[in-house]
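Once you've had a glance at the structure underneath, I'll fire off some questions.
The values are calculated or read from the model by the stated rules, or taken from the named source; none is laboratory data. Because the structure is predicted, anything quoted here is derived from the model rather than measured. Cβ sites come from the backbone with ideal geometry, for glycine too, and all protein chains shown count toward neighbours. We work out accessible area using only protein heavy atoms, side chains counted, and drop any ligands, DNA or RNA first. Shrake-Rupley method; radii C 1.70, N 1.55, O 1.52, S 1.80 Å.
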Amino acid sequence: MALNGIISTSLTGLTASQEALRVTSDNIANVNTPNYARQAVRQQAVLAGGKSNGVDIQAIERVVDRFLERAALSSTSDADRAEIMNLLHDRLQAALGRPDSGSNLSARMNTLFESLGSLALNPADAVTRQQFLGDLGAYTKEISRIASVIQELRGDASTEIEARLPEINDTIREIFDLNAKVIQQTVLSGEPGAAENQRAAALDRLARNLDIRLINNDDGSVDVVTTTGILLVSRSAYAKLSYSAPGQADAATDFPPIEVRRINPISGAETGTARELDGEIRSGTLRGLLDMRDKELVDVSLALGELAARVADQINGVHNANVAFPPPNQLTGNVVGLASTAPHRFTGIAEFAVVDQAGTLVAKTSYDFDANPGATIADVVAAVNAGLGGAATLSYSAGVMQFTAANATDGVVIAQDPTTPSDRAGRGFAHFF
């Protein structure tokens with residue numbers, strides 16, 4: 001081998017080694033850089049005339065495990081979904097109060113029932129009555145406050161979704177631009193590592209907000225789709241997400257969907273039709289916010305409403321099973337939405353009476369529902385009126401039951417039979433209407 005050939009071959013080795021040292025020093029300098037993956041020099045032998053003629057650098061590659069990279073993106077999405085839900089749960093817990101607090105909902109319920117027990121023992125005492133009314137008001141205010149907080153949290157989750165979309169859209173566009181940069185650097189210098197590291201950081205930011213899946217292309221670019229297959233980034237286009245929060249939320253608020261549109265990168269114009277994305281998101285902060293807004297907080301609100309309804313129903317049941325003294329001249333029920341021709345569907349016996357201001361009985365009748373199983377509500381009204389002989393009138397109009405004494409100084413009473421009380425779905429006649 002000629003001296004020049006020997007020197008040339010040696011120089012290729014020195015050049016390759018120098019480049020390997022440069023890459024190594026770059027790896028060391030970025031050892032604490034987030035999302036940085038070390039690079040390695042891939043060498044190949046140079047052949048000339050069928051003979052080895054030194055060494056050449058074939059490529060400088062990022063050393064990554066594609067499987068672990070995908071697993072890391074999935075774990076990032078799951079972690080951030082749990083984190084954002086935890087933040088909202090903490091705010092909800094703060095609204096509910098500490099379990100040992102004397103002013104939380106549980107404590108106010110206990111206080112209310114204690115007052116109710118005291119009132120049952122001493123119903124004529126004005127102070128005890130006032131105490132019960134005050135405790136009842138404090139309980140209902142606490143129910144109302146918690147209900148308002150739940151709707152406020154739903155509104156905040158909706159607002160947070162809207163606030164995150166600009167960053168998500170910027171990240172999607174950045175990934176698209178970095179794809180082009182990776183392709184360019186791969187062709188020009190064979191060293192796309194820096195652009196790939198920047199793209200990896202952008203992918204990590206995107207994965208924090210929604211679950212993504214990567215499709216690696218031969219030219220070094222990646223297509224980014226949701227795990228359900230909605231395209232976010234390709235070599236020729238990218239997507240844009242949009243959402244408009246409705247502002248303050250209440251139980252009747254109908255939240256709009258998150259929509260995704262494809263964007264032409266040259267013109268910036270939307271192409272195709274918008275697609276709803278809510279059902280296509282499986283993880284990330286967007287999924288956590290959607291779950292809290294549409295499921296978790298809704299479930300809590302329904303549970304709170306069920307609790308309030310049951311407590312109210314039980315208190316109303318006790319109230320309707322007893323009689324005020326002196327009794328009122330008229331009792332008016334709530335709208336129950338039944339036609340007068342509807343079957344009564346009660347069992348047991350209800351008693352109807354008229355008394356004067358001293359409590360002396362003026363007239364009384366009872367109705368045995370078991371003896372008249374096929375009777376309608378109108379039939380019950382007619383039978384009670386006949387039994388009272390004009391001392392009072394029971395009427396039913398537009399779904400509302402009304403019981404009125406004929407004499408303005410008399411009062412009306414609806415009571416349960418002590419042996420066989422009336423019942424429809426767990427409520428007595430007066431309680432039901």
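Filter region 411-433 down to residues that are open to solvent by less than 20 Å² (accessible area, probe 1.4 Å) and either of a type outside the set (A, V, I, L, M, F, W, C) or without any contact (Cβ under 8 Å) to a residue 40 or more places away in the chain (or both), then give me how many there are.
Residues in region 411-433 being open to solvent by less than 20 Å² (accessible area, probe 1.4 Å) and either of a type outside the set (A, V, I, L, M, F, W, C) or without any contact (Cβ under 8 Å) to a residue 40 or more places away in the chain (or both): 3 in total.
What are the pairs with Cβ atoms under 8 angstrom where one residue, in region 197-226, is more than 17 Å from ASP78 (Cα to Cα) and the other, located anywhere, is among the acidic types (Asp, Glu) and crowded, with 20+ Cβ neighbours inside 10 Å? Sequence gap at least six, or different chains.
Within 8 Å, the pairs are GLY220/GLU196.
Just wondering, is there one or more residues in region 156-178 that are in contact with a helix residue (DSSP H, G or I) (Cβ under 8 Å, 6 or more places away or on another chain), open to solvent by 50 Å² or more (accessible area, probe 1.4 Å), assigned to a loop (DSSP other than H, G, I, E, B) and of a type outside the set (Ser, Thr, Tyr)?
Looking for residues that are in contact with a helix residue (DSSP H, G or I) (Cβ under 8 Å, 6 or more places away or on another chain), open to solvent by 50 Å² or more (accessible area, probe 1.4 Å), assigned to a loop (DSSP other than H, G, I, E, B) and of a type outside the set (Ser, Thr, Tyr), one finds none in region 156-178, hence no.
If I filter region 77-116 down to residues being of a type in the set (Lys, Arg) and over 16 Å from THR140 (Cβ atoms), which single residue comes out as modelled with the lowest pLDDT?
The extreme case among them is ARG98.
Going through GLU191, GLU142, GLU196 one at a time, which residue ends up being among the acidic types (Asp, Glu) and either open to solvent by less than 20 Å² (accessible area, probe 1.4 Å) or at pLDDT 95 or above (or both)?
Within the list GLU191, GLU142, GLU196, the selection yields GLU142.
Within the set of pairs 6+ apart or on separate chains, which have a first residue in region 260-282 that is without any contact (Cβ under 8 Å) to a residue 24 or more places away in the chain, a second that is surrounded by 11 or more Cβ atoms within 10 Å (Cβ to Cβ) and part of a helix (DSSP H, G or I), and C-beta atoms under 8 Å apart?
ASP278/LEU290
I would also like to ask the following. Name the residues in region 113-145 that are closer than 18 Å to LEU307 by Cβ and either basic (Lys, Arg) or within 31 Å of the chain's Cα centre (by Cα) (or both), would you?
LEU136, GLY137, ALA138, TYR139, THR140, LYS141, GLU142, ILE143, SER144, ARG145
All but one of (1) closer than 21 Å to GLU152 by Cα; (2) touching a strand residue (DSSP E or B) at 6+ places or on another chain (Cβ under 6 Å) hold for LEU232; which doesn't?
Evaluating LEU232 over (1) closer than 21 Å to GLU152 by Cα; (2) touching a strand residue (DSSP E or B) at 6+ places or on another chain (Cβ under 6 Å) leaves (1) as the failure.
What do you reckon, is LEU289 farther than 24 Å from ASN209 by Cα, at pLDDT 90 or above and open to solvent by less than 50 Å² (accessible area, probe 1.4 Å)?
No.
Further question: Determine whether SER148 is hydroxyl-bearing (Ser, Thr, Tyr) and without any contact (Cβ under 8 Å) to a residue 12 or more places away in the chain.
yes
Can I ask one more? I want to confirm something. Restricting to region 343-363 and keeping residues that are of a type in the set (A, V, I, L, M) and farther than 14 Å from VAL384 by Cα, which single residue is nearest to the chain's Cα centre (by Cα)?
It comes out as VAL355.
Another question, then. Among the listed residues VAL127, VAL149, VAL182, identify the single one that is assigned to a helix (DSSP H, G or I), among the β-branched types (Val, Ile, Thr) and over 30 Å from ARG81 (Cβ atoms).
Only one candidate qualifies: VAL127.
A further question on this structure: Quickly run through region 210-238 and pick out the residues that are more than 21 Å from GLU196 (Cβ to Cβ), surrounded by 15 or more Cβ atoms within 10 Å (Cβ to Cβ) and among the polar types (S, T, N, Q).
THR226, THR227
Of the residues that make up region 309-326, is at least one part of a helix (DSSP H, G or I), of a type outside the set (Lys, Arg) and farther than 30 Å from ALA405 by Cβ?
yes
Moving to a separate point now. From the list ASP250, ASP294, pick out the single residue that is in contact (Cβ under 8 Å) with a residue 24 or more places away in the chain, outside any strand (DSSP E or B), touching an Asp or Glu at 6+ places or on another chain (Cβ under 9 Å) and open to solvent by 50 Å² or more (accessible area, probe 1.4 Å).
ASP294
Since PRO257 meets every condition but one in (1) touching a helix residue (DSSP H, G or I) at 6+ places or on another chain (Cβ under 7 Å); (2) in contact (Cβ under 8 Å) with a residue 60 or more places away in the chain; (3) of a type outside the set (Ser, Thr, Tyr), which condition does it not meet?
PRO257 satisfies all of (1) touching a helix residue (DSSP H, G or I) at 6+ places or on another chain (Cβ under 7 Å); (2) in contact (Cβ under 8 Å) with a residue 60 or more places away in the chain; (3) of a type outside the set (Ser, Thr, Tyr) except (2).
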